[in-house]
Amino acid sequence: MPLRPARCYKDVNKPPYTRKEYIDGIPQPKITKFVMGNTNGDYDVAVELISLDYVQVRHNALEAGRVMANKYLSKYAGEDRYLLIIRQYPHHVLRENKMMAFAGADRLQDGMRQAFGKPIGTAARLKPGSVIAEVRVPKSVIPQAKEALRRLKDKLGIRTTLQIKELK
């Protein structure tokens with residue numbers, strides 16, 4: 001059986017929890033930069049990473065994928081020959097009912113009584129067909145853009161596909 005990374009938070013089985021004005025103690029998303037590379041470049045194609053499932057992707061997975069893709073593109077395509085855009089923002093707040101795991105913990109915790117949970121992070125909810133990330137490059141750098149998005153996909157752990165669109 002294949003490994004299912006982040007299986008505790010990947011499935012969309014609860015209603016969205018996004019009203020941040022009512023929620024205290026939400027950790028900041030780890031991903032802060034959504035556009036990297038040369039924003040003023042002249043690009044021929046856009047290579048898009050598209051989700052095939054209805055899933056949630058945690059903010060730290062998005063950040064890890066962004067770092068990998070950006071590092072690969074800057075090394076193999078050149079600093080000024082690409083534009084990497086992360087299209088999804090982690091709005092959904094994840095909660096967890098933390099349980100203690102040591103001797104005598106049964107006297108200290110309430111189990112499932114009032115088990116709403118505390119915020120532990122954020123996630124982006126993806127529908128089938130939604131664009132996760134996009135790399136704009138000249139035609140000569142398309143193989144590097146595909147490899148960068150493959151590395152980003154490996155960090156997310158979901159089923160995706162690549163789509164190439166002409167910009168001109």
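What to note about this one:
- Residue check for residue 73: closer than 11 Å to residue 135 by Cα and hydrophobic (A, V, I, L, M, F, W, C): yes
- Selected residue (criterion: nearest to residue 41 (Cα to Cα)) from residues of the range 87-102 that are basic (Lys, Arg) and in contact (Cβ under 8 Å) with a residue 24 or more places away in the chain: 87
- Residue that is surrounded by the most Cβ atoms within 10 Å (Cβ to Cβ), among those in the range 153-168 that are out of contact with any Ser or Thr (no Cβ under 9 Å at 6 or more places or on another chain) and either over 22 Å from residue 74 (Cβ atoms) or of a type in the set (A, V, I, L, M, F, W, C) (or both): 157
- Among the residues making up the range 71-129, those that are hydrophobic (A, V, I, L, M, F, W, C) and modelled with pLDDT of 90 or more are 73, 77, 83, 84, 85, 86, 93, 94, 120, 123, 124, 126.
- Only one entry of 94, 84 meets the criterion of being more than 21 Å from residue 68 (Cα to Cα) and touching a strand residue (DSSP E or B) at 6+ places or on another chain (Cβ under 7 Å), and that entry is 94.
- Scanning the range 69-86 for residues that are part of a loop (DSSP other than H, G, I, E, B) and within 16 Å of residue 44 (Cβ to Cβ) returns 77, 78, 80, 81, 82.
- For the range 6-17, filtered to residues that are surrounded by 13 or more Cβ atoms within 10 Å (Cβ to Cβ) and assigned to a loop (DSSP other than H, G, I, E, B), the residue that is modelled with the lowest pLDDT is 6.
- Residues located in the range 30-49, provided they are surrounded by 18 or more Cβ atoms within 10 Å (Cβ to Cβ) and closer than 13 Å to residue 86 by Cα: 31, 36, 37, 46, 47, 48, 49
- Residues of the range 114-150 satisfying the condition of being under 30 Å from residue 97 (Cα atoms), in contact (Cβ under 8 Å) with a residue 12 or more places away in the chain and outside any strand (DSSP E or B): 115, 116, 117, 127, 128
- Lone unmet requirement of (1) within 13 Å of the chain's Cα centre (by Cα); (2) farther than 24 Å from residue 28 by Cβ for residue 114: (1)
The values are calculated or read from the model by the stated rules, or taken from the named source; none is laboratory data. Note that the coordinates shown come from a computational prediction; the quantities given were computed from them, not determined experimentally. For neighbour counting, all protein chains shown are included, and Cβ atoms are generated from backbone atoms with ideal geometry for every residue, glycine included.
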